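Report on the following structure.
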Amino acid sequence: MLERFKDFSTANVADACQRLGVPVRAVSLKAAVGERVAGRVLPVQHSGSLDVVFEAISSANPGDVIVIDNGGRRDEGCFGDLLAIEAAFAQVSGAVIWGVHRDTAGLRKVGLPVFSLGEVPTYPWRHGPAPADAFSTATVGEWQVTREDVVLGDEDGVLFIPGDRVDELFALAEAIKKNEDRQIDAVRAGHSLREQMKFEEYLKLRAADPSLTLPGYLHSLAAAAKE
């Protein structure tokens, strides 16, 4: 999955989602270790004791990304170097945490990609019963994710997409990236983006029809180019 994801970005995939009518489930999380992560979601709801995370790792398939729902808490590090080395041993390809991590220096030594809200030195000392669906779903930001989802992460944050739409979303994202690269090359060759977009024509059309939007105009240009 990560190899397929290397030639475009979460932004390109988000654009592909919008074009195909797929909900854009994006969250602003930052990489503590690594630059990218991609894989099937392995969800777990953290309840204070780390045994639930170990239990989730026990059910991992190679390439899964463990997605830990700790309710966005910033007062306890629910993932550290020992969990990271165990996850790597189980061939988990990364961790995405709706909460914070700890042991940052140790995590860097392990090298497993980790995305979270930040870091804190404290350990979770809470002890509570795990919910019945602790390994079925995880909530990250406003989004609920399951094993049917794929998570992608890079410098722009993380994005969740349906596992059964990966091929078409990746194909469109790659096409979007190639088109943007052509536009950048054209600007460097002396043709501004406004020129490529026929922006002056858009302004004239918008003056006559204030309901016209730039995305709608660009869509009509793309459709005309295909005819």
- line: Residues whose modelled amide H sits under 5 Å from the amide H of Gly94, counting only those 5 or more places away in sequence or on another chain, are Ile66
query: Of the cross-linked pairs Lys178/Lys198; Lys109/Lys177; Lys30/Lys109; Lys6/Lys177, which ones have a Cα-Cα span greater than 23 Å in the structure shown?
result: Lys109/Lys177
- prompt: Can you pull the percent of Cα pairs in the chain with separation above 30 Å?
  reply: 34
message: Going by Cα centres, the range 160-175 and the range 1-16 are how many Å apart?
response: 8
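No lab work stands behind these numbers, since they all come straight from the coordinates. Quick caveat: nothing in here was measured; it's all calculated off a predicted structure.
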